[in-house]
Amino acid sequence: HTQNQEDSPQSEHNPYDQIRHCIVQNDGQHKNLVRLIGLKSLFAKQLPKMPKDYIVRLVFDRRHKSLAVLSDDATYKGGDEEIIGGICYRPYAEMRFAEIAFCAVNGMHQVKGYGTKLMNLLKRHAVTEGIDFFITYADNYAIGYFKKQGFTKVITMPKSRYHGLIKDYDGANMMECYIHPSIDY
């Protein structure tokens, strides 16, 4: 099932409730496929060193989900430009963690806080999925961003939870973020 916060604010207090966003996965629905294509285009443009076929494979993989932040501008509705930013991740529900595969913000919207908004929205959503940790592999350009979002190179999650599920990437640093269930991100 697809969770959609486009039109349903959860509380009056958190400013994040006013941000149009949705969780998208490849469930065959036209609207979701259009958004997945938009996310694929965003990741391909903003992560030029990442092989395009690899991006396509993960974004459209039915085990992966993506959180998309959407523009309020009605002229962009249904097009690639509707997506301001996105994070593609794979939850491992039984091990209570998720691996972040891709994270990007549209170039026109960078340095406006959307990277932080994206990650905080994903942390809020992760709590509802019972996820305790995010794991990611960050290249040297991304380490600063992930540190700012609370990630560390010190891995505290027991290796038995992720060993054999995620592979090592050359030239990238494994980082984790603990998601505290009682913090309102």
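The values are calculated or read from the model by the stated rules, or taken from the named source; none is laboratory data. A quick note: this is a predicted structure, and the numbers were derived from the prediction, not measured. Neighbour counts are summed over all protein chains in view; Cβ atoms, including those assigned to glycine, are modelled from backbone coordinates with ideal geometry. The area values use the complete protein model at the heavy-atom level, side chains included, leaving out ligands, DNA and RNA. Shrake-Rupley method; radii C 1.70, N 1.55, O 1.52, S 1.80 Å.
The residue that is farthest from residue 98 (Cα to Cα), counting only those in the stretch 157-173 that are charged (D, E, K, R) and open to solvent by 90 Å² or more (accessible area, probe 1.4 Å), is 170. Remark: pairs (first residue in the stretch 52-70, loosely packed, with under 14 Cβ neighbours inside 10 Å; second residue of a type in the set (D, E, K, R) and modelled with pLDDT of 95 or more; Cβ separation under 8 Å; 6+ apart in sequence or on different chains) = 62/27; 63/90. Looking only at residues of the stretch 37-72 that are in contact with an Asp or Glu (Cβ under 8 Å, 6 or more places away or on another chain) and farther than 19 Å from residue 141 by Cβ, we find that the one that is modelled with the lowest pLDDT is 71. Scoring residue 141 on the criteria (1) open to solvent by less than 70 Å² (accessible area, probe 1.4 Å); (2) assigned to a loop (DSSP other than H, G, I, E, B) leaves a single failure, condition (1). Only one of the numbered conditions (1) farther than 19 Å from residue 54 by Cβ; (2) in contact (Cβ under 8 Å) with a residue 12 or more places away in the chain; (3) open to solvent by 40 Å² or more (accessible area, probe 1.4 Å); (4) outside any loop (DSSP other than H, G, I, E, B) is violated by residue 90, and that is (1).
The requirement of being of a type outside the set (Phe, Trp, Tyr), closer than 17 Å to residue 50 by Cβ and not in a loop (DSSP other than H, G, I, E, B) is satisfied by residue 136. Which number in (1) at pLDDT below 95; (2) assigned to a loop (DSSP other than H, G, I, E, B) marks the one condition that residue 131 misses? It is condition (1) that residue 131 fails.
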